[in-house]
Each structure stands twice: as C-alpha cells, then as structure tokens.
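Right, one structure below, let's go through it.
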Amino acid sequence: MATYKVSLVIPGAEHSGAIVNLPERPQVGQHITVGDLEVEVLEVIELIPPRGDFHFVHATCKALPLPGGA
C-alpha cells in the first residue's frame, strides 16, 4: 500500500498549511479536510521520485467556505 506524504500550502489563507499522510495521490479538484478547514487541490507536484511505496508531493490548495457561511 502506497503512502503519500503531502505538503499542503494554502496561499493567502490564515491557515499555515499542513503535512498529511494520504493513501492516494491527491488530484486537482479533490477536497481535503485539514483540521477544521476544507481545501480544494489546485496543483500537485511530485517533489522527489518515489522510493518503493513512499511518495512525497506538494499540493497547492485554496480554502473553501465553511458550511453555513461562517
């Protein structure tokens, strides 16, 4: 089973981003929950070549509005 260590960056947001482990490579348009924030993936870049089942990628994201407009 592959492991994707994903660096999430959210330009212009108050949230500082995160590094998360995912079982699949993130895809453009995918929504990911980071704590109490939901983001949409805008771009995915492989940072280093895979080593076995380990992948390290960068995802640029945008913050999505909170449910209820808060």
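Computed values, structure above
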| item | result |
| --- | --- |
| The range 16-34: number of residues that are surrounded by 10 or more Cβ atoms within 10 Å (Cβ to Cβ), more than 14 Å from Lys5 (Cα to Cα) and touching an Asp or Glu at 6+ places or on another chain (Cβ under 8 Å) | 3 |
| Failed criterion for Leu37 (all others in (1) modelled with pLDDT of 95 or more; (2) buried (at least 16 other Cβ atoms within 10 Å of the Cβ) hold) | (1) |
| All positions within the range 18-35 that are over 19 Å from Pro49 (Cβ atoms) and in contact (Cβ under 8 Å) with a residue 24 or more places away in the chain | His31, Ile32, Val34 |
| Index of the failed condition, Pro65 passing every other in (1) under 9 Å from the mean Cα position of the chain (by Cα); (2) modelled with pLDDT under 95 | (1) |
| Val44, sole failed condition from (1) exposed (fewer than 15 other Cβ atoms within 10 Å of the Cβ); (2) within 9 Å of the chain's Cα centre (by Cα); (3) aliphatic (A, V, I, L, M) | (1) |
| Residue pairs meeting the criteria (Cβ under 6 Å; at least 6 apart or on separate chains; first outside any strand (DSSP E or B), in the range 42-64; second at pLDDT 95 or above and of a type in the set (Asp, Glu)) | Leu64/Glu40 |
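Let's see how each residue does on (1) touching a helix residue (DSSP H, G or I) at 6+ places or on another chain (Cβ under 7 Å); (2) charged (D, E, K, R); (3) within 12 Å of Ala63 (Cβ to Cβ):
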position: Met1; (1), (2), (3): no, no, no
position: Val6; (1), (2), (3): no, no, no
position: Ile10; (1), (2), (3): no, no, yes
position: Leu22; (1), (2), (3): no, no, no
position: Arg25; (1), (2), (3): no, yes, no
position: Val28; (1), (2), (3): no, no, no
position: Val34; (1), (2), (3): no, no, yes
position: Glu38; (1), (2), (3): no, yes, yes
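The values are calculated or read from the model by the stated rules, or taken from the named source; none is laboratory data. On a predicted model such as this, the values are computed, not experimentally measured, just so you know. When we count neighbours, we look across all protein chains shown, and the Cβ atoms used for this are built from the backbone with ideal geometry, even at glycine.
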